[in-house]
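The block underneath contains the structure these notes are about, expressed in structure tokens.
The values are calculated or read from the model by the stated rules, or taken from the named source; none is laboratory data. Just so it is clear, the model here is predicted, and its values are computed rather than measured. Please note: Cβ atoms are built from the backbone with ideal geometry, for glycine as well, and neighbour counts cover all protein chains shown. Please note that ligands, DNA and RNA were not included when accessible areas were found on the heavy atoms of the full protein model with its side chains. Shrake-Rupley method; radii C 1.70, N 1.55, O 1.52, S 1.80 Å.
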Amino acid sequence: MRSIYFPSDKEQRTRELLRTLCEGTPIPKEDRLDHLEVYMRPQRVSEILSLDALYRRILGVHGVVMEFGVRWGRHLSIFIGLRTRYEPHNLYRKVIGFDTFEGFTTPTDKDGKSDRVHGHAMSVSTDYKAHLEEVLTLHEQETPGAHIRRFSLEKGDAPEALTRYLADHPETIVAMAYFDMDIYQPTKECLELLMPHMTKGAVIAFDQISHPDFPGETMALKESALFGSLPLERSQHAPYPTFVTL
Ligand SMILES: C[S@@+](CC[C@H](N)C(=O)[O-])C[C@H]1O[C@@H](n2cnc3c(N)ncnc32)[C@H](O)[C@@H]1O
């Protein structure tokens, strides 16, 4: 089933033009990194504001930030930036990303019929994990105590990778879990695995709640004890994320 949640023809043309301008940028190499915002679309600004609002909620809450569904690492990079901005000395605020780095695992019947949902959807290029590790390591160099690594990328089907991570790190308490895998099975299983490790005041956020192309994420939430027992809040800056505070 073709998704209706795509940009209009006009929006696509605008973005194509912006992409072309970005690729042929006259900004000299030495200035580029500090002027990436020139090409940032307003929607991306909204996303940063949304993640900022979420992050500020956990400033007084102990524990790590976990993201399920990393892809190119846009959110992880922002989370590390927010940590540097708000709590550079918080040595225990690790940022941990889970992904196959090979796209979606096999969807189930609960994932609907959108042509956007299929095995290996949203995969990344070969060896991208190593590239992202290099980038995030450099971001961490801007933080005091940079010799203490405070992020990790966990590769594999998320429920298996999370089980392994929790067994290897029994000290783990989770202050924020951000779900962005889009599909039912890993979202449901990771939610269940996480609950014993989440503390009061922690935030659990979901990127695709009520999105008709990705019903599986909403179903996983609805089947959990969270649904109906806690207010389901939403970002004031963008259609997503949706979140609960424990
Ligand atoms: C929408 S993308 C994530 C976008 C990302 N949060 C960002 O910052 O742009 C969805 C990601 O979920 C991952 N994914 C889907 N099923 C998964 C599973 N069973 N285990 C781990 N990752 C999975 C995909 O590989 C893909 O990278």
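Just from the alpha-carbon atoms, what are the Rg and Dmax of region 130-242 in angstroms?
Gyration radius and largest Cα-Cα distance of region 130-242: 15.7, 44 Å.
Can you work out the Karplus-derived ³J(HN,Hα) for every residue in region 137-144? Use 6.51 cos²θ - 1.76 cosθ + 1.60 with θ = phi - 60°, whole Hz, and x for glycine or proline.
4, 5, 4, 5, 5, 7, 9, x
Residue by residue through region 99-112, which ³J(HN,Hα) values in whole Hz follow from phi under the Karplus form 6.51 cos²θ - 1.76 cosθ + 1.60 (θ = phi - 60°), with glycine and proline marked x?
6, 6, 6, 9, x, 4, 6, 4, x, 10, 4, 6, 9, x
Report the charge-dipole magnitude of region 163-203 in Debye, nearest 20, computed about the Cα centre from +1 at each Lys and Arg Cβ and -1 at each Asp and Glu Cβ. Intermediate values should be presented prior to the final figure.
On the way: 3 positive and 6 negative charges, 27 e Å.
About 140 debye.
Across region 61-75, in residue order, what do the Karplus-derived ³J(HN,Hα) couplings come to in whole Hz, using 6.51 cos²θ - 1.76 cosθ + 1.60 with θ = phi - 60° and x for Gly and Pro?
The phi angles translate into 10, 6, x, 8, 9, 10, 10, 10, x, 9, 6, 7, x, 4, 5 Hz.
Apply 1/(1 + (r/R0)^6) to the Cβ-Cβ distance of ARG56 and LEU91, taking R0 = 30 Å, and write down the FRET efficiency to the nearest 0.05. Before the final figure, lay out each step's value.
On the way: r = 20 Å, r/R0 = 0.65.
Calculated value: 0.95.
Could you work out which residue, out of GLU102, GLU47, GLU87, moves most in a Gaussian network model of the chain, that is, has the largest mean-square fluctuation with Cα springs under 10 Å?
GLU87
Roughly how many debye, to the nearest 20, is the charge dipole of region 53-167 about its Cα centre, given +1 on each Lys and Arg Cβ, -1 on each Asp and Glu Cβ, and no other charges?
Details: 16 positive and 15 negative charges, 103 e Å.
It works out to roughly 500 debye.
Would you mind working out the magnitude of the charge dipole of the chain relative to its Cα centre, with +1 at each Lys and Arg C-beta and -1 at each Asp and Glu C-beta, to the nearest 20 Debye? Working shown, then result.
Working: 29 positive and 36 negative charges, 110 e Å.
With only Lys, Arg, Asp and Glu charged at Cβ, the dipole is about 520 debye.
Would you please give the residues with an amide H less than 5 Å from that of ALA202, counting only those at least 5 places away or on a separate chain, with H modeled from the backbone geometry?
LEU246
For ARG56, ARG41, ARG150, write out the residues from largest to smallest accessible area, computed with a 1.4 angstrom probe and no ligands counted.
Details: ARG56 120, ARG41 55, ARG150 5 Å².
Solvent-accessible surface, decreasing: ARG56, ARG41, ARG150.
How far apart, in nm, are two points set 7 Å out from the Cα along the Cα-to-Cβ line at GLU37 and at GLU223?
Reported label-point gap for GLU37 and GLU223 is 4.3 nm.
Under the rule of at least 5 residues apart or a separate chain, name every residue whose amide H is placed under 5 Å from the amide H of GLY112.
Amide H to amide H, under 5 Å and 5 or more residues apart or across chains, GLY112 pairs with nothing.
Provide the net charge surrounding CYS22, with neighbours chosen by a C-beta distance below 12 Å and charges set as Lys +1, Arg +1, Asp -1, Glu -1.
Numbers: positive: ARG15, ARG19, ARG32, ARG41; negative: GLU16, GLU23, GLU37.
Around CYS22, the surrounding residues sum to +1.
Of the candidates GLY81, GLY60, GLY69, which one comes out as most mobile in a Gaussian network treatment of the chain with C-alpha springs shorter than 10 Å?
The residue with the greatest mean-square fluctuation here is GLY60.
Lys/Arg Cβ at +1, Asp/Glu Cβ at -1, dipole of region 125-246 taken about the Cα centre: which of THR218, THR199, ILE148 is farthest positive-ward?
THR199
Could you tell me which trypsin sites (Lys or Arg not before Pro) in region 68-148 are loop residues by DSSP with no more than 16 other beta carbons within 10 angstrom of their beta carbon?
Values: sites: ARG71, ARG74, ARG83, ARG85, ARG93, LYS94, LYS110, LYS113, ARG116, LYS129; in loops: ARG71, ARG93, LYS94, LYS113, ARG116.
In loop regions of region 68-148 (DSSP not H, G, I, E or B), the sparsely surrounded trypsin sites (Lys or Arg not before Pro) are LYS113.
Can you give me the C-alpha center-to-center distance between region 205-246 and region 1-76, rounded to a whole angstrom?
21
Please calculate the 1.4 Å probe accessible area of LEU59, with all protein chains present, and give it to the nearest 10 Å².
Rounded to the nearest 10, the figure is 70 Å².
Select from GLU133, GLU11, GLU142 the residue whose mean-square fluctuation is largest in a Gaussian network model of the chain (Cα-Cα springs shorter than 10 Å).
Taking springs between Cα atoms under 10 Å, the residue moving most is GLU11.
For TYR178, list long-range residues whose amide hydrogen, built 1.01 Å from N in the peptide plane, is under 5 Å from its own amide hydrogen.
Amide H to amide H, under 5 Å and 5 or more residues apart or across chains, TYR178 pairs with MET66, GLU67, PHE68, ALA205.
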